[in-house]
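The values are calculated or read from the model by the stated rules, or taken from the named source; none is laboratory data. All values reported here derive from a predicted model rather than from experimental measurement. Virtual Cβ from ideal backbone geometry, glycine too; neighbours counted across all protein chains shown. All accessible areas refer to the heavy atoms of the entire protein, side chains included, with ligands and DNA or RNA removed. Shrake-Rupley method; radii C 1.70, N 1.55, O 1.52, S 1.80 Å.
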Amino acid sequence: MEKSKRIQQIEEMEKILDEHSLVIERFRAALQEFKASQKNYEKLKNYYINGEYLSDMDAYSRGELPKGLKCGVLSEDAVYNLLGDNYTSAIEMLETATEIIKKH
């Protein structure tokens with residue numbers, strides 16, 4: 001390999017090393033945040049799945065809650081979509097991890 005191509009290759013590999021190191025650092029931080037958030041996510045999931053939100057929804061319908069109260073949690077779609085997104089994210093992490101392990 002000629003010298004200029006070797007230098008170019010080393011520079012390219014150095015750039016990949018630096019960039020991927022930063023990606024892993026950000027991913028680890030995001031993963032830690034995601035893992036820490038799962039406890040609250042489970043609380044929300046139980047609120048929704050156990051039907052507790054239904055009594056809050058009824059109170060909202062009867063006008064018992066203050067106007068202007070942020071209550072997107074009372075819409076079935078918002079929580080249902082979050083449940084799906086959380087599940088899909090977990091599957092995607094597993095699939096990505098499996099591919100990385102297979103190639104290792």
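For region 1-41, name all the residues that are closer than 17 Å to A78 by Cα and open to solvent by 70 Å² or more (accessible area, probe 1.4 Å).
N40
Yes/no per residue for (1) part of a helix (DSSP H, G or I); (2) not β-branched (V, I, T):
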{"position": "M1", "(1), (2)": "no, yes"}
{"position": "R6", "(1), (2)": "yes, yes"}
{"position": "I10", "(1), (2)": "yes, no"}
{"position": "I16", "(1), (2)": "yes, no"}
{"position": "H20", "(1), (2)": "yes, yes"}
{"position": "F27", "(1), (2)": "yes, yes"}
{"position": "Q32", "(1), (2)": "yes, yes"}
{"position": "Q38", "(1), (2)": "yes, yes"}
{"position": "E42", "(1), (2)": "yes, yes"}
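For region 59-94: of the residues being acidic (D, E) and at pLDDT below 95, which is surrounded by the most Cβ atoms within 10 Å (Cβ to Cβ)?
Here is the first cut: in region 59-94, the residues acidic (D, E) are 64, 76-77, 85, 92.
With at pLDDT below 95 added as a condition, the list becomes 76-77.
On the way: E76: 12, D77: 8.
Here the residue is E76.
Does region 43-58 hold any residues that are over 21 Å from the mean Cα position of the chain (by Cα) and surrounded by 12 or more Cβ atoms within 10 Å (Cβ to Cβ), and which are they? Spell out the reasoning first.
As a first pass, look at region 43-58 and keep what is over 21 Å from the mean Cα position of the chain (by Cα): 50-58.
Answer for region 43-58, where residues must be over 21 Å from the mean Cα position of the chain (by Cα) and surrounded by 12 or more Cβ atoms within 10 Å (Cβ to Cβ): Y53, L54, D56, M57.
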